[in-house]
Structure formats: C-alpha cells, structure tokens
Amino acid sequence: MRLRSFVSHAAVGCAGALATYLVSTGNVGVMPSFAQAPGQKTTELFNQVMDDVLGRRLTVRLTERDPGNGSAAHRHPGSHTVGYIIEGTYEVKINDGPARILKPGEVFYEPPNALHAISRNASATQPLKYLVIQVSDPTKPATVPE
C-alpha cells in the first residue's frame, strides 16, 4: 500500500512540474477539451491513464478566469484534486473548512467527493490562472453539481 501511495504522489508531483514547465515556456499546444463557461477558459495540458496505479487517470489543466468569475458548488466524486495558483487570487472553500484567498505559489487540495463550495477569482480587476492536477477514477463522474 505504501508503494502505491508513493507512486501516486510521485506522479502528481511530476505532472505538476511538467505543467509548470509547459505554462512557463509557452509550450501549451493542447486544445481546450471542455465546454467553456463564460469568463473561464480551461486548457488540458496532460492526460494519461496510469496503468500501474489501478488504471487511474492523471490530468493537468490550466484554468484562466476573468475578474470575479466563479463556478457553482460542485464535487469531483472520483478525483484527488490539487490546485496551484500561478497568477492572481483564488477564493476557495472545501467542505466545512474556512474560505481562503490563495495567492501565486499557494496550493489547495480537494479529496474525492469533497464539496467545493467556493471556487472563484477573488479579484474584481485582475485575471486568475491556476493549474488543476487530478488523479481520477475514470469509472466515476468527473464533476457533479450541488
């Protein structure tokens, strides 16, 4: 069990490093793969099945939000989600935890099926960019609205 946990953590760390490199060098050549909400753009940077980790899927996405843009409360039933703030300020509230304002270089973690009660650009004037790194069970829905 420890080896499986180590492999999962190592995979997420490597994906984060890869995504940071791709974003910082401008080598983001993957087209958006999601229906785009007004004021939000999501670009998939990496998507790979992890055959040696029970078939989990590792995805890395760059999300950009206009000032004040947010999403409704939701859950990711089968996903471990890590967010890394690149630019701007991100307001986040997970489960019964406090609402937090995150700045560049800060991270948040969302365990599977946690309530992502607040997810928005905290600034009324500045854009927001953040990476979303997920290790997901592909047999479960990606996102479920509340």
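The values are calculated or read from the model by the stated rules, or taken from the named source; none is laboratory data. Since the structure is predicted, the reported quantities are computational estimates derived from the model, not experimental observations. FYI the Cβ positions are ideal-geometry reconstructions off the backbone, even for glycines, and counts take in every protein chain you see. The area values use the complete protein model at the heavy-atom level, side chains included, leaving out ligands, DNA and RNA. Shrake-Rupley method; radii C 1.70, N 1.55, O 1.52, S 1.80 Å.
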Note to self: When you check Val107 against the structure, is it of a type in the set (Val, Ile, Thr), at pLDDT 95 or above and touching a His at 6+ places or on another chain (Cβ under 7 Å), yes or no?
What the structure shows: no
Notebook entry, point to check: Which numbered condition trips up Val107, out of (1) closer than 13 Å to Gly83 by Cα; (2) free of Cβ contacts under 8 Å to residues at least 24 places away in the same chain; (3) surrounded by fewer than 18 Cβ atoms within 10 Å (Cβ to Cβ)?
Noted result: (2)
Margin query: Let me spell it out: the conditions are (1) open to solvent by 30 Å² or more (accessible area, probe 1.4 Å); (2) touching a strand residue (DSSP E or B) at 6+ places or on another chain (Cβ under 7 Å), and Asn121 meets all of them except one. Which number is the exception?
Written below: (1)
Notebook entry, point to check: Between residues in segment 63-84 that are closer than 28 Å to Val53 by Cβ and open to solvent by 50 Å² or more (accessible area, probe 1.4 Å) and residues that are of a type outside the set (Ser, Thr, Tyr) and in a strand (DSSP E or B), which pairs lie under 6 Å by C-beta distance while being six or more apart or on different chains?
Noted result: Arg75/Val144; His80/Val135; Tyr84/Val107; Tyr84/Leu131
Next item on the list: Can you tell me which residue among Leu102, Leu131 is open to solvent by less than 60 Å² (accessible area, probe 1.4 Å) and more than 13 Å from the chain's Cα centre (by Cα)?
Entry: Leu102
Notebook entry, point to check: So is Gly16 modelled with pLDDT under 95 and crowded, with 16+ Cβ neighbours inside 10 Å or not?
Noted result: yes
